[in-house]
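All remarks here apply to the structure that follows.
The values are calculated or read from the model by the stated rules, or taken from the named source; none is laboratory data. Keep in mind the model is a prediction, meaning the values are calculated, not measured. All Cβ positions, even for glycine, are placed from backbone atoms using ideal geometry, and neighbour counts span all protein chains on display. Each accessible area value is taken on the protein alone, full model and side chains, heavy atoms only, with ligands, DNA and RNA left out. Shrake-Rupley method; radii C 1.70, N 1.55, O 1.52, S 1.80 Å.
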Amino acid sequence: MTETRDLTKGEISPILFKLAIPLMGTSLLQMSYQITDMFWLGKVGTQAVAAVGIVGQYLWLISSLIILCQVGLSVGVSQSFGKSDLENTKNYIGGGFRLGFLIAMTITAIFIIFHNELIGLYSFKEGDAAVQELASEYMVAIAFGLVFMFLNPLFASTFNSMGNSKTPFIISSIGLAINMVLDPLFIFVFHMGAMGTAIASVIATLVIFLIYIYIGFKNDLIYVRVNYLKKVPSEITMHILKLGVPMTLMEACHASVSMILTGYLTKLGAYAVSAMSIGSQIESISWMTANGFSVANTAFTGQNYGKGTYDRIVLGFKKSMRIMATLGTATSLLLIVFAQPIFAAFLPDDPVAMQAGANYLRILGYSQLFMVIEIGVTGFFNGIGRTKEPSYSGVVLNLMRIPFAMIFMKYYGLNGVWIAISLSSILKGIVAYVWFKIILKKEIEPKVIA
């Protein structure tokens with residue numbers, strides 16, 4: 001369970017699938033955590049779902065800071081591992097983990113001290129005041145698990161970058177099982193509502209953290225042999241930041257835009273926030289799955305780029321894009337055709353929220369192919385250390401969601417927000433694919449010929 005894999009040799013398609021399938025499973029498990037919460041909270045009521053959805057916007061924003069550490073660690077470890085440079089591999093692990101821990105502790109303090117002020121930034125419709133109180137309580141509870149939410153993805157990235165995606169999948173499966181058992185226990189048996197989902201999530205992430213530590217010491221893995229108190233070379237830290245900052249800015253922009261759009265929704269009522277909160281979790285079946293392939297693409301490309309086997313990068317891109325196209329088309333059809341029955345499983349007693357959510361899934365369904373392509377291509381950008389390009393297009397086109405929403409809401413009401421999100425995703429997919437094709441043709445393919 002702790003083996004590593006050289007991705008610079010062997011048949012490319014089997015390698016990508018063997019690496020990506022556990023990663024896809026891990027991503028789907030992460031989605032399952034959130035869907036499980038939303039499923040059980042839907043039985044409690046629309047306000048509980050809205051409260052967790054509001055805090056979820058902040059968690060999405062701070063996830064961009066996880067990416068700051070994760071991208072730099074992933075690229076640095078995969079390229080160093082491809083070169084068989086053990087010392088730099090340890091340096092990238094040490095630098096990524098130290099940075100992640102410091103950021104996590106800072107955000108934890110902010111959540112605990114300023115929870116009322118953060119939730120108060122949203123203007124709730126009259127009659128939904130209880131949402132604000134529930135959201136504040138949830139934010140404080142979830143804060144106690146933030147350090148594990150930061151460090152667990154870094155453990156997974158360490159394994160993934162060295163060609164082992166199976167171990168993180170198994171560990172995440174254990175965490176999901178714990179969460180699925182504890183959610184209904186805390187919500188219904190102990191009558192803790194939204195607070196119960198927070199406690200269940202914190203316990204599950206803590207268990208995952210402890211398992212990573214246990215496996216590391218039992219098998220003398222590289223991340224337990226790192227001296228985390230030793231000063232990391234400044235060039236390593238700067239390289240982690242150089243790689244991570246562009247992707248962090250893109251994700252932070254994406255989350256910030258979502259928070260602004262959620263601000264529009266709070267004025268319409270809890271039903272609108274609930275529709276987007278649940279709808280985005282259901283839709284994540286697409287981008288979470290694609291993210292599994294994206295991480296596989298990063299590890300594959302990073303190792304081959306580090307070793308100089310550029311022909312494998314070119315061929316790997318072609319094969320991966322075929323897989324992405326198939327996946328995107330399938331999820332598009334799923335959301336468009338089955339939007340109503342899928343969403344009805346979550347809020348069956350609120351027909352207004354159910355219809356709004358079904359519209360969300362149907363409209364977002366048209367952009368799934370392009371979104372999957374964008375995510376898959378981003379993995380190749382990251383693997384060659386070019387993290388700026390996808391971040392540029394991501395920031396610009398995510399920001400365009402705000403004027404798009406303002407325009408379309410005049411004609412289509414709430415559906416205008418869904419149209420704005422879908423349109424920007426379509427444009428991001430097109431731009432990312434064309435941009436990487438240009439880099440491939442100008443910079444990678446000439447090295448193959450040479």
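Numbers below:
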item	result
Answer from S63, S74, S13, S84 - the residue that is open to solvent by 10 Å² or more (accessible area, probe 1.4 Å) and at positive phi	S84
Near pairs, Cβ below 7 angstrom, 6+ apart or cross-chain, from region 394-406 (in contact (Cβ under 8 Å) with a residue 24 or more places away in the chain) to any residue that is of a type in the set (D, E, K, R) and surrounded by 16 or more Cβ atoms within 10 Å (Cβ to Cβ)	G394/K428; L397/K428
From Y360, Y305, residue being touching a residue at least 60 places away in the same chain (Cβ under 8 Å), open to solvent by 20 Å² or more (accessible area, probe 1.4 Å) and among the aromatic types (F, W, Y)	Y305
Wholly within region 389-450, helices (runs of 4 or more DSSP H) carrying at least 1 residues that are more than 30 Å from G308 (Cβ to Cβ), open to solvent by 10 Å² or more (accessible area, probe 1.4 Å) and in contact with a helix residue (DSSP H, G or I) (Cβ under 9 Å, 6 or more places away or on another chain)	401-412, 414-439
Single residue of region 87-104 satisfying the filter (more than 19 Å from K307 (Cα to Cα) and in contact with a Phe, Trp or Tyr (Cβ under 9 Å, 6 or more places away or on another chain)) that is surrounded by the fewest Cβ atoms within 10 Å (Cβ to Cβ)	F101
Unmet criterion (only one of (1) of a type in the set (G, A, S); (2) within 30 Å of F300 (Cβ to Cβ); (3) part of a helix (DSSP H, G or I); (4) open to solvent by 20 Å² or more (accessible area, probe 1.4 Å)) for A109	(2)
Contacts under 9 angstrom Cβ, first residue in region 246-272 being free of Cβ contacts under 8 Å to residues at least 60 places away in the same chain, partner open to solvent by less than 20 Å² (accessible area, probe 1.4 Å) and among the β-branched types (V, I, T), 6 or more apart	none
Residue satisfying all of: in region 173-228; assigned to a loop (DSSP other than H, G, I, E, B) and on the phi < 0 side of the Ramachandran plot; surrounded by the most Cβ atoms within 10 Å (Cβ to Cβ) among these	V226
Hits in region 331-345 (condition: in a helix (DSSP H, G or I) and open to solvent by 10 Å² or more (accessible area, probe 1.4 Å))	T331, S332, L333, L334, I336, V337, F338, Q340, P341, I342, A344
Where a residue in region 5-23 is more than 20 Å from Y305 (Cβ to Cβ) and its partner, wherever it lies, is at pLDDT 80 or above, with Cβ under 6 Å and at least six apart	P22/K166; P22/F169
Pair list, Cβ under 6 Å, 6 or more apart: region 336-348 residue farther than 21 Å from L369 by Cα and of a type in the set (A, V, I, L, M), other residue at pLDDT below 85 and not in a loop (DSSP other than H, G, I, E, B)	L347/G42; L347/A353
Count - residues of region 380-416 that are of a type in the set (G, A, S), under 28 Å from F293 (Cβ atoms) and either touching a Gly at 6+ places or on another chain (Cβ under 6 Å) or at pLDDT 90 or above (or both)	1
Within region 346-387, tally of residues that are within 18 Å of the chain's Cα centre (by Cα) and in a helix (DSSP H, G or I)	17
Residues of region 133-169 that turn out to be of a type outside the set (G, A, S), part of a loop (DSSP other than H, G, I, E, B) and open to solvent by less than 10 Å² (accessible area, probe 1.4 Å), as a count	1
Any hit, region 286-293, residues being within 12 Å of the chain's Cα centre (by Cα) and modelled with pLDDT of 85 or more	yes
Checking D6 against (1) over 23 Å from the mean Cα position of the chain (by Cα); (2) at pLDDT 80 or above; (3) surrounded by fewer than 22 Cβ atoms within 10 Å (Cβ to Cβ), the condition it does not meet	(2)
